[in-house]
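Heads up: the structure comes next, in C-alpha cells.
Read-outs throughout are calculated quantities, based only on the coordinates presented, and are distinct from any laboratory measurement. Since this is a predicted model, take the numbers as computed values, not measurements. Cβ placement follows ideal geometry from the backbone for every residue including glycine, while neighbour counts extend to all protein chains displayed.
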Amino acid sequence: MTLELGVLVSGTGTNLQAILDAVAEGRLDARVRVVISNKAGAKGLDRARAHGVPAVVVSHRDHETRESFDRAVVEALRAHGVDHVVLAGFMRVITSVLLDAFPDRVVNIHPSLLPAFPGVDAQAQALAHGVKVSGCTVHFVDGGVDSGPIIGQRSVPVLEGDSRDVLANRILAQEHELLVESLEALARGELGLETGESGRRRVIRKPSGDAPG
C-alpha cells in the first residue's frame, strides 16, 4: 500500500530527507503529504519546501496544554490526507489525542537501543553509562516514553574518546537507513502487532503483501 505520510520534525530534518530521497528514488511506496514542526525556524521545513511538500508550523507556545497542541497537529494532518505519522526528530511528547487519531500508525526513530536510554539525549546517556555498543530503534509509539513495540534496530560501536556529537553522527547514519527500511516493510504490509502472554505488544513480521493487522 502507498503510505500517506505526515512527518513531524523539530530540527534539521535529516531523517525527513532520507524519507524524501527514498520516495523520489522509488524505493519507498509513500507520499509525504505534509511536514509539521513546532518550531518556525526548523530546517526540516526548508527540506519539505524544496521537495514541494506543504510545510506547516504549529507552535507549542500557542497552546496551553499538550492535548490542545496535539489537536491542532491532528487537524493539520487530517487536512492533508495523512494516514501514517512519522516522528523524525520531533522533540515533543505526544498525547493520546494524536495516538487515538492514528491508532498503531505513529512511528518514531530514537537514537538508542531501546529499552536502554529512553527520553532526551540518549547519546549523552550512553556515554555517561560507559556502554560499548549503542544504536537506534524504530518503534510504534504508545502512551509511554519510547516504550512502544520495536520494529527494528541497528547497532554502532561506542569508541574510546567519542564525544556526544561524534557518537550522535555515527548513530544518525544508521537512523537514515533503518527508518526507510522500516517504512518500506510497513508499506509492503509486512508488519503486524500481537499481544504476548505478558500483556506487552510486539511487532511480528508477515509475508510481504499480507493485509496489515
Out of all the residues in the range 80-115, which are among the small types (Gly, Ala, Ser), touching a strand residue (DSSP E or B) at 6+ places or on another chain (Cβ under 8 Å) and farther than 18 Å from Ala42 by Cα? Gly81, Ser112
Going by the structure shown, is Ala124 of a type in the set (Gly, Ala, Ser) and surrounded by fewer than 17 Cβ atoms within 10 Å (Cβ to Cβ)? yes
Taking the range 1-46 as the search range and keeping residues that are without any contact (Cβ under 8 Å) to a residue 40 or more places away in the chain and part of a loop (DSSP other than H, G, I, E, B), which one is surrounded by the fewest Cβ atoms within 10 Å (Cβ to Cβ)? Gly26
Has the range 141-155 got at least one residue that is farther than 16 Å from Arg170 by Cα, in contact with a Gly (Cβ under 7 Å, 6 or more places away or on another chain), among the hydrophobic types (A, V, I, L, M, F, W, C) and surrounded by 17 or more Cβ atoms within 10 Å (Cβ to Cβ)? yes
The range 176-199, residues that are outside any helix (DSSP H, G or I) and touching a residue at least 24 places away in the same chain (Cβ under 8 Å): Arg188, Gly189, Leu191, Leu193
Filter the strands (runs of 3 or more DSSP E) completely within the range 71-175 down to those with at least 2 residues that are among the polar types (S, T, N, Q). 133-140, 150-157
